[in-house]
Amino acid sequence: VARQRADSRTPRLRVARRATRGEGMAPATPPTAGPFYTALLHTDTRHEVMIAVSAVVHILCTALVLRLSKNSWVTAKLRKRETPEMAATLFGAYVVGFVHAIVVSVSAVLVVCYERYEIWPATVAFSIGYFVSDFIFYALPTKQLVMVIHHIVMIVGHYPTMEQPAAILYGAGDAHLIMWLSAVGYLTEISNLFLDVRWFQLKIFGQPAQITYTVNSVFLLLSYIATRVVIMPVVCWVKMVPRYDEYKAYNQMASYWVVVLGAAFISLMSLVYTFILLKPGLRAFLFFGGGKKPAKAE
């Protein structure tokens, strides 16, 4: 009798688990609302408040870094080529960007490798707040159009993953899948850690130790190609392309193309930047000063 009762409960338990995840629930009628619209207008404002708080904190922290570094020794080398204001802007952008890269990289690894989906809404809120601050202090003042487009793509692409009802739509019935794909996209921030360190070595310290410069350059090259040029398009091809019909049945083709084209844009931008990094040659990229020994003074 006990076994029969347990067996009768098992299907219900499985259905409940799948319902929580948002998987396998084919809609009776295809939804008409998009995930971005649903997340913005048809859910509570908890996560929007988190985004606003994150943006305010990032703006205040960036403003503080700019104020402290404007005439500080840390920007002395930069001020030889830039105005004090621009030197502080660049330094602040890389400092705050480095902190952002640490936080979201750790979170992305936890979600991708250990399925810690509960931390993802807070991670996305933290990241969107950073993008808003970076708009104000870096992308717009330096007229970096590519960065402006990049930030818009990231905000539009990742914001709906914060809300369960929106994520179910965004994943065509599988909320965890779209959160996992969002985290895969943020693995690209791992390479930013080494990219920022390289910038500090060249622009702030001026004469980095050869061994630390080379080690960082190797990790930069490997992580950049792996996370940006290889993993993202491959995962998109394996996880998204086969689900074309499911997105069509869910009436979420706009969501499908946001994910696919967004991944394509980031990957293409990363591929172009890879060629820019390696344009002087692999030896020049890996070794400070191109690996050439300084000439002896006569």
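Consider Met147 against the criteria (1) on the phi < 0 side of the Ramachandran plot; (2) surrounded by 23 or more Cβ atoms within 10 Å (Cβ to Cβ): it satisfies all of them except one. Which criterion is unmet? Every listed condition holds for Met147 apart from (2).
Counting only helices (runs of 4 or more DSSP H) that sit completely within the range 1-120, those holding 1 or more residues that are modelled with pLDDT of 90 or more and open to solvent by 40 Å² or more (accessible area, probe 1.4 Å) correspond to 46-69, 84-114. Of all the criteria given as (1) closer than 18 Å to Val258 by Cα; (2) among the aromatic types (Phe, Trp, Tyr); (3) open to solvent by 10 Å² or more (accessible area, probe 1.4 Å), the one not satisfied by Tyr186 is (3).
The residue pairs whose first member lies in the range 109-128 and is in contact (Cβ under 8 Å) with a residue 60 or more places away in the chain and of a type in the set (D, E, K, R), whose second member is open to solvent by 50 Å² or more (accessible area, probe 1.4 Å) and not in a helix (DSSP H, G or I), and whose beta carbons are closer than 6 Å, counting only pairs six or more residues apart or on different chains, do not exist in this structure.
The values are calculated or read from the model by the stated rules, or taken from the named source; none is laboratory data. Not measured: the values here are computed from a predicted model. We place every Cβ from the backbone using ideal geometry, glycine too, and count neighbours over all the protein chains shown. With ligands, DNA and RNA removed, areas are computed over all heavy atoms of the protein, side chains included. Shrake-Rupley method; radii C 1.70, N 1.55, O 1.52, S 1.80 Å.
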